[in-house]
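Peer 1: Structure in structure tokens, see below.
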Amino acid sequence: MTSTIPATPGRIHTVRDRTLHVVCCHGDLDSPTTTALRYVLGETYRTDPADLLVDTRAVTWAGSAALGVLTAAGRRASLQGHTLTLANPPLHLLRTLRTTGLHRVIRVTQVAHAPTGCALPLPDATGSGTPAASLVRRPSR
């Protein structure tokens with residue numbers, strides 16, 4: 001099942017992939033996109049709670065509101081016994097997570113292939129060849 005939010009055509013869409021939901025984000029996570037992201041994450045947990053993978057490989061900018069939405073969604077998932085994982089964040093987003101301390105709250109991973117439905121080519125995961133593990137410490141469980 002795939003859905004796209006009409007307010008941000010092509011910028012946020014979801015795909016149900018086996019045991020998890022994949023949310024694909026493209027472009028700037030600005031105010032309208034953050035509103036759509038909040039809606040998508042909320043509806044996903046309300047209608048079909050499952051682990052969530054937010055693919056951010058194509059995010060060009062993320063505002064503080066977007067980080068707040070991801071943090072709140074991660075907490076909600078945790079309370080329901082699920083996880084929210086940020087996949088393939090570009091270097092600028094990794095640095096922001098590290099600077100704000102959110103790397104301790106939001107799980108981050110690099111995946112080798114685009115999740116089903118996120119039909120974008122996989123760029124260098126960090127944008128500079130710097131291993132993501134050196135920038136973001138994954139939270140302990």
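Peer 1: State which residue is modelled with the lowest pLDDT when the search covers only region 63-78 and only residues that are hydrophobic (A, V, I, L, M, F, W, C) and under 18 Å from Thr19 (Cα atoms). It would help to see each step written out before you state the result.
Peer 2: The first filter runs over region 63-78 and keeps only residues hydrophobic (A, V, I, L, M, F, W, C), leaving 65-67, 69-70, 72-73, 77.
Narrowing further to those that are under 18 Å from Thr19 (Cα atoms): 73, 77.
On the way: Ala73: 94, Ala77: 91.
Restricting to residues being hydrophobic (A, V, I, L, M, F, W, C) and under 18 Å from Thr19 (Cα atoms), the top hit is Ala77.
Peer 1: Follow-up. Take Arg141 and tell me if it is modelled with pLDDT under 90, closer than 24 Å to Asp48 by Cα and not in a helix (DSSP H, G or I). Talk me through it step by step, then tell me what you get.
Peer 2: Working: modelled with pLDDT under 90: yes; closer than 24 Å to Asp48 by Cα: yes; not in a helix (DSSP H, G or I): yes.
In short, yes.
Peer 1: Could I ask something else about it? In region 84-109, what residues are among the hydroxyl-bearing types (Ser, Thr, Tyr), buried (at least 16 other Cβ atoms within 10 Å of the Cβ) and over 24 Å from Thr19 (Cα atoms)? Before you say what the answer is, go through the steps one by one.
Peer 2: So in region 84-109, the residues among the hydroxyl-bearing types (Ser, Thr, Tyr) come out as 85, 96, 99-100, 109.
Among the residues that remain, those that are also buried (at least 16 other Cβ atoms within 10 Å of the Cβ) are: 85, 96.
The one that is among the hydroxyl-bearing types (Ser, Thr, Tyr), buried (at least 16 other Cβ atoms within 10 Å of the Cβ) and over 24 Å from Thr19 (Cα atoms): Thr96.
Peer 1: Test Asp28 against the criterion of being among the acidic types (Asp, Glu), more than 16 Å from Ile106 (Cα to Cα) and in a strand (DSSP E or B), and give yes or no. Break it down into steps so the answer makes sense when it comes.
Peer 2: Numbers: among the acidic types (Asp, Glu): yes; more than 16 Å from Ile106 (Cα to Cα): yes; in a strand (DSSP E or B): yes.
Taking the combined requirement at face value, the residue satisfies it.
Peer 1: Hey, can you tell me all the residues within region 44-98 that are out of contact with any Gly (no Cβ under 9 Å at 6 or more places or on another chain), part of a strand (DSSP E or B) and of a type in the set (Ser, Thr, Tyr)?
Peer 2: Thr56, the sole residue that qualifies.
Peer 1: Can you name the residue in region 99-116 that is part of a loop (DSSP other than H, G, I, E, B) and under 19 Å from Pro49 (Cβ atoms) and, of all such residues, is modelled with the lowest pLDDT?
Peer 2: The residue in question is Pro115.
Peer 1: Give the residue that is nearest to Thr109 (Cα to Cα), with candidates limited to residues of region 40-77 that are surrounded by 15 or more Cβ atoms within 10 Å (Cβ to Cβ) and over 14 Å from the mean Cα position of the chain (by Cα).
Peer 2: Ala50
The values are calculated or read from the model by the stated rules, or taken from the named source; none is laboratory data. Please read all numbers here as calculations on a predicted model, not as lab measurements. We place every Cβ from the backbone using ideal geometry, glycine too, and count neighbours over all the protein chains shown.
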